[in-house]
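**Q** Below are the C-alpha cells for one structure; questions will follow.
The values are calculated or read from the model by the stated rules, or taken from the named source; none is laboratory data. Keep in mind the model is a prediction, meaning the values are calculated, not measured. Glycine also receives a Cβ, built like all others from the backbone with ideal geometry; neighbour counts cover every protein chain displayed. Calculation scope for accessible area: heavy atoms of the full protein, side chains included, ligands and nucleic acids excluded. Shrake-Rupley method; radii C 1.70, N 1.55, O 1.52, S 1.80 Å.
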Amino acid sequence: MAENVEAILAGINTELAGLHAQSKFLNEVIDRLHAENERLRNAESQRGLQPALRELVKLADDWRSRRNALADGDAELVRLCDEIVEDVTLVLERQGVDEFHAEVGAEFDRHEQRSVGTRPVEDADLDGRIAEVRRPGYRVETKVVRFAEVVVFKFTPPPAAP
C-alpha cells in the first residue's frame with residue numbers, strides 16, 4: 001500500500017512539475033504578446049499623431065519667421081511670437097518630440113542636419129562646418145523626425161594672383 005501511495009505521489013509530483021513548466025511557458029508567451037501589443041499600439045498611436053506633430057513643427061517655424069521679421073519692430077510683438085513658439089515647443093515635448101539645435105562652427109552631421117545652402121570661405125579649416133542655423137531639428141527618442149536646417153561653409157580657394 002505504501003508503495004502505491006509513493007508511486008501515486010511521484011506521479012502527481014511529475015505532473016505538477018510538467019504543469020508548472022507549461023504554466024511558465026504560457027506566462028512567457030502572454031508577456032511577449034502583451035509587449036508586442038503595446039509596441040503595435042504605440043506605433044499606431046504615433047502614426048496617427050504624425051500629421052498633427054508635423055503641423056505643430058510648421059507652426060513653430062512660422063512664428064519664428066514672424067519673430068525674425070519683427071526683429072527691429074515692436075518689442076511686445078516679438079515677445080508674443082517667442083511665447084507662441086515656446087508654447088508649441090512645450091506641446092511637442094509632451095508628445096515626446098524634442099527640439100535640438102545645431103551649433104555654428106560645428107562639423108556638419110548629415111545624420112541630424114540638412115544643408116539648405118553653402119557659403120564660400122577661403123579658410124580650408126572651415127570647409128564642411130556650419131556657417132548658419134536656419135531651423136532647429138526635432139527627434140522622437142533617437143529618431144530624427146525633422147533635420148536641423150543649416151548653411152554649410154564650402155572651401156573656395158582665393159583667386160590666383162596675376
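**Q** Restricting attention to the stretch 66-99, which residues are within 24 Å of residue 150 (Cβ to Cβ) and loosely packed, with under 13 Cβ neighbours inside 10 Å?
**A** Answer for the stretch 66-99, where residues must be within 24 Å of residue 150 (Cβ to Cβ) and loosely packed, with under 13 Cβ neighbours inside 10 Å: 68, 69, 71, 86, 93.
**Q** A further question on this structure: Here's a check for you: in the stretch 7-48, which residue that is acidic (Asp, Glu) and within 28 Å of residue 145 (Cα to Cα) is most open to solvent (accessible area, probe 1.4 Å)?
**A** Among them, the one singled out is 44.
**Q** Also, I was wondering about something else. Restricting the stretch 133-162 to residues that are crowded, with 17+ Cβ neighbours inside 10 Å and of a type in the set (D, E, K, R), which is farthest from residue 95 (Cα to Cα)?
**A** 149
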